[in-house]
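Participant: One structure, as structure tokens, below. Some questions next.
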Amino acid sequence: MLFNLTEEQLMIQSMVREFSRKVIAPTAAERDKTKEFPKKNFKQMGELGLMGMMIPPEYGGEGADTISYVLALSEIAYSCASTSVVMSVQNSIVCESILKFGTEAQKEEFLIPLASGKMIGAFALTEPDAGSDPVSQSTTAVRDGDDYIIDGTKRFITSGKNCGAVIVTAKTDESAKHKGISAFLVSKKTPGLVVGHVEDKMGLRASDTTDLIFENCRVPASALLGKEGDGFKIAMSGLDGGRIGIAAQSLGVAQAAMDAAVKYGKGRKQFGSAITKHQGIRWQIADMATQIEAARQLVLSAAAMKDRKEKYTTQAAMAKLFASEMVNQVTARAIQLHGGYGFTKDYDVERFYRDARVFTIYEGTSEIQRVVISNNILKDKRK
Ligand code: CAA
């Protein structure tokens, strides 16, 4: 499929590129050291419409399509992967899930501040003993009159510390497997909800990843997102959109790594000429560019299917699988091209390599993407 981006999509891409390189990039390396959450940048991104891009304006969003969103997200990731993961979780799995499953009251209270960037959102599915297999989660929500009482620990929650609201899944019926899981939209200020351990990570260091502990956390029944028992479906459909975001993020980091390698290679002289004159290096650049372009086509294709309201689960998983594996190869090659300098903190490729490492892990590992893809292919063939 050939993509002719519309005037509007190109305009969004160039606006975000300019903002990202001017505002986000200059402090990215420093944030990697200090682990400072870029609150001010998110406020500005909210004002530019980047925190709820696919949410209609009446709920504080931009009303843009998914293609515009992946273009924008890639541009932010190009400058700072930590910033882009927060943007990705906020736009897709948080805002879109509330838009799709939330009540008017939930949209008023949460979606408007989230989509306009005044509040950061989190999504809490994973637990210490339930990662790839979220059906085995042990957090419970027990009905008590007009309320539910949530108990359990969620782990590896992006923006756990800095969020103002969280979508949390919990078992409301132990016997019903995935149909016994429900989702709740909970204000961070709710008594009984506390931030636990904050991870000290290899990459994405300016984005906080924490435990969220629910201890006798009482929420009104109106906090249910969707119906009782809808939680697994809400998580899975949210992750479909989320996976396109992680693929777009991979694209941005890979492009940044390749551009850095080309720039370095042109200036680095060995054996009497720039190393980019050597065929071995040129072939590596050709391979990187081809891998990035292939990933770009998969990302755009999954985004276009979502925009056309087609079923895109398989394409999102393919885009996420291919792009996240690709960025790990491209960032490793970019370091190789920098030689010894690539192994130092003086060059950005060292950060790109560390940041990219989690892309094949979060929002479903590469192994899980293969499960999703093969399940859907085998299901189709039986029809
Ligand atoms: N959309 C809507 N519903 C879906 C769906 C989708 N994409 N995929 C499955 N479902 C529904 C099915 O229709 C089925 O419902 P019914 O019984 O009503 O028909 C139900 O879910 C169960 O489906 P499966 O039998 O296919 O599910 P499964 O248990 O065999 O496999 C899995 C599911 C693919 C392994 C899934 O568990 C999975 O994706 N695991 C990985 C979890 C994950 O990605 N975690 C990441 C954590 S979030 C994170 O990292 C966020 C962050 O902060 C960055």
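The values are calculated or read from the model by the stated rules, or taken from the named source; none is laboratory data. From a predicted model like this one, the values you see are computed outputs, not experimental measurements. A quick note on method: Cβ atoms are made from the backbone with ideal geometry, for glycine too, and the neighbour counts reach across all protein chains shown. Keep in mind that these areas ignore ligands, DNA and RNA; they rest on the heavy atoms of the full protein, side chains included. Shrake-Rupley method; radii C 1.70, N 1.55, O 1.52, S 1.80 Å.
Participant: Are any residues in the stretch 173-184 open to solvent by less than 60 Å² (accessible area, probe 1.4 Å) and touching a Phe, Trp or Tyr at 6+ places or on another chain (Cβ under 6 Å), and if so, which ones? Walk me through it before giving the result.
Facilitator: If we filter the stretch 173-184 for residues that are open to solvent by less than 60 Å² (accessible area, probe 1.4 Å), which is where we start, we get 176, 180-184.
Across the stretch 173-184, the qualifying residue is only 181.
Participant: Oh, and also: Please give the number of the condition residue 354 fails out of (1) buried (at least 18 other Cβ atoms within 10 Å of the Cβ); (2) under 20 Å from residue 291 (Cβ atoms); (3) of a type in the set (D, E, K, R).
Facilitator: Going through the list (1) buried (at least 18 other Cβ atoms within 10 Å of the Cβ); (2) under 20 Å from residue 291 (Cβ atoms); (3) of a type in the set (D, E, K, R), residue 354 breaks only (1).
Participant: Within the bounds of the stretch 284-307, is there any residue that is crowded, with 19+ Cβ neighbours inside 10 Å, at negative phi and without any contact (Cβ under 8 Å) to a residue 24 or more places away in the chain?
Facilitator: Yes, there is a match, as at least one residue in the stretch 284-307 is crowded, with 19+ Cβ neighbours inside 10 Å, at negative phi and without any contact (Cβ under 8 Å) to a residue 24 or more places away in the chain.
Participant: Suppose we filter 141, 130, 122 for residues that are buried (at least 17 other Cβ atoms within 10 Å of the Cβ), over 30 Å from residue 297 (Cβ atoms) and without any contact (Cβ under 8 Å) to a residue 12 or more places away in the chain; which single one remains?
Facilitator: So the residue among 141, 130, 122 that is buried (at least 17 other Cβ atoms within 10 Å of the Cβ), over 30 Å from residue 297 (Cβ atoms) and without any contact (Cβ under 8 Å) to a residue 12 or more places away in the chain is 130.
Participant: Checking the conditions here, which among 317, 356, 323, 304 is away from the ligand (no atom under 16 Å from the Cβ), assigned to a helix (DSSP H, G or I), of a type in the set (A, V, I, L, M) and assigned by the TED database to the domain that holds residue 282?
Facilitator: That would be 304, the only listed residue that is away from the ligand (no atom under 16 Å from the Cβ), assigned to a helix (DSSP H, G or I), of a type in the set (A, V, I, L, M) and assigned by the TED database to the domain that holds residue 282.
Participant: A further question follows. Can you pull out the strands (runs of 3 or more DSSP E) entirely within the stretch 152-230 that have at least 3 residues that are over 22 Å from the mean Cα position of the chain (by Cα) and not charged (D, E, K, R)?
Facilitator: Answer list for the stretch 152-230: 209-220.
Participant: Please state which of the following conditions residue 334 fails to meet, knowing it meets all the rest: (1) open to solvent by 40 Å² or more (accessible area, probe 1.4 Å); (2) more than 17 Å from residue 205 (Cβ to Cβ); (3) over 17 Å from the mean Cα position of the chain (by Cα); (4) in contact (Cβ under 8 Å) with a residue 60 or more places away in the chain.
Facilitator: For residue 334, the failing item is (1).
Participant: Continuing with this model, one more query. Would you say residue 42 is among the aromatic types (Phe, Trp, Tyr), under 18 Å from the mean Cα position of the chain (by Cα) and under 24 Å from residue 347 (Cα atoms)?
Facilitator: The answer is no for residue 42.
Participant: While we're on this one: In the stretch 161-172, how many residues are in contact with a Gly (Cβ under 8 Å, 6 or more places away or on another chain) and crowded, with 17+ Cβ neighbours inside 10 Å? Write out each step before concluding.
Facilitator: Kept after step one, since they are in contact with a Gly (Cβ under 8 Å, 6 or more places away or on another chain), are these residues of the stretch 161-172: 163-167, 169-172.
Okay, now just the ones that are also crowded, with 17+ Cβ neighbours inside 10 Å, so 163, 165-167, 169-172.
Qualifying residue count for the region: 8.
Participant: Something else: I'd like the residue in the stretch 350-383 that is farther than 20 Å from residue 260 by Cβ and charged (D, E, K, R) and, out of all such residues, is nearest to the chain's Cα centre (by Cα).
Facilitator: Of everything passing the filter in the stretch 350-383, 363 is nearest to the chain's Cα centre (by Cα).
Participant: Next up: Is it true that residue 4 is out of contact with any Lys or Arg (no Cβ under 7 Å at 6 or more places or on another chain) and within 30 Å of residue 234 (Cα to Cα)?
Facilitator: no
Participant: Condition test on residue 97, is it more than 26 Å from residue 352 (Cβ to Cβ) and surrounded by fewer than 24 Cβ atoms within 10 Å (Cβ to Cβ)?
Facilitator: no
Participant: To continue, here is another question. Is it the case that some residue within the stretch 199-206 is of a type in the set (Asp, Glu), at pLDDT 95 or above and either out of contact with any strand residue (DSSP E or B) (no Cβ under 8 Å at 6 or more places or on another chain) or open to solvent by 30 Å² or more (accessible area, probe 1.4 Å) (or both)? Write out each step before concluding.
Facilitator: Residues of the stretch 199-206 of a type in the set (Asp, Glu): 199-200.
Subsequent filtering for residues that are at pLDDT 95 or above retains 199-200.
From what is left, the residues that are either out of contact with any strand residue (DSSP E or B) (no Cβ under 8 Å at 6 or more places or on another chain) or open to solvent by 30 Å² or more (accessible area, probe 1.4 Å) (or both) are 199-200.
Yes, the conditions are met somewhere in the stretch 199-206.
Participant: In addition: Kindly indicate the residue of the stretch 231-242 that is within 16 Å of residue 176 (Cβ to Cβ) and buried (at least 18 other Cβ atoms within 10 Å of the Cβ) and also nearest to the ligand (Cβ to nearest atom) among those meeting that condition.
Facilitator: Among those residues, the one meeting the criterion is 232.
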